Structure formats: structure tokens, C-alpha cells
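Please read the structure below before turning to the comments.
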Amino acid sequence: SRMGHSYSVIQDHLKEEHARLLAAKKGRKARSYLVLDEVREIELTANQQMKDHAVDFSNLSILFVLDKDKDGRITVEELMDFAELCQKRSEIYRDGDFKAKFQ
């Protein structure tokens with residue numbers, strides 16, 4: 001389905017953003033997770049589809065849902081789970097007002 005395809009694009013982008021933000025922190029011990037300040041730097045403006053489904057990663061309720069185990073560390077798996085949740089919600093909010101209803 002078109003929706004499934006668009007979310008695979010978003011998932012791929014989130015994986016790239018996760019890797020980009022980890023690589024950007026030079027001189028620091030290597031780790032496989034982002035901290036909350038880094039999550040707020042995730043860019044979801046690459047194309048209109050992402051802008052339509054962008055969420056505010058500084059919103060406390062979004063961070064609460066994103067950080068499944070509540071340890072302050074956001075793994076790529078947690079980002080993928082969050083993207084899947086967004087996909088399911090966007091199927092419910094079919095009128096195109098995903099951003100207003102999801103946040």
C-alpha cells in the first residue's frame with residue numbers, strides 16, 4: 001500500500017537521522033543510543049510527506065511514548081516502534097490532520 005511505502009521511507013530516514021546524530025558527537029565515547037537533547041535534533045523536513053507526519057520531539061508526551069523503557073536512551077529500535085505507532089495512528093486519522101491529532 002502507499003501508506004506502507006511512505007512509512008518505510010520515514011523509517012529509513014529515522015535510521016539515517018539516528019546514525020547521523022550519533023556520528024556528529026565527535027570525541028565522545030561510542031554509544032548506540034540518543035539522549036533526549038539529541039532526539040530533539042531529528043530532522044523531519046526532507047520532503048512534504050515527512051513534514052505532513054512530523055512530530056514535535058520536544059513534546060513531553062511524545063518523548064514519554066518514544067522512550068519505551070523510560071531510561072532516557074532512545075535506540076533505533078525505539079524509533080522504529082514509534083514510527084510504526086505513527087503509521088497506525090495515521091491510518092485512523094485519515095482526514096490528513098495527523099499532526100494536530102497525534103500530538
- Task: Could you do me a favour and compute the accessible area per residue for the stretch 12-54, 1.4 Å probe, result in Å²?
- Result: 63
- Spin-label model distance (nm) - Ala23 vs Lys70, 7 Å beyond Cα toward Cβ: 3.5
- Query: Taking square-rooted eigenvalues a ≥ b ≥ c of the alpha carbon gyration tensor, is the stretch 1-90 rounded, prolate or oblate, where a/c under 1.5 means rounded and, failing that, a/b exceeding b/c means prolate?
  - Reply: prolate
- Could you state how much accessible area Lys68 has, in square angstrom rounded to the nearest 10, with a 1.4 Å probe and all protein chains kept in place? 120
- Query: Considering only the other residues whose Cβ falls under 11 Å of the Cβ of Arg31, what net charge follows from Lys and Arg at +1 and Asp and Glu at -1?
  - Reply: +3
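The values are calculated or read from the model by the stated rules, or taken from the named source; none is laboratory data. These numbers were taken from a predicted model, which means no experiment stands behind them. FYI the Cβ positions are ideal-geometry reconstructions off the backbone, even for glycines, and counts take in every protein chain you see. These accessible areas exclude ligands, DNA and RNA; they are computed on the full protein's heavy atoms, side chains included. Shrake-Rupley method; radii C 1.70, N 1.55, O 1.52, S 1.80 Å.
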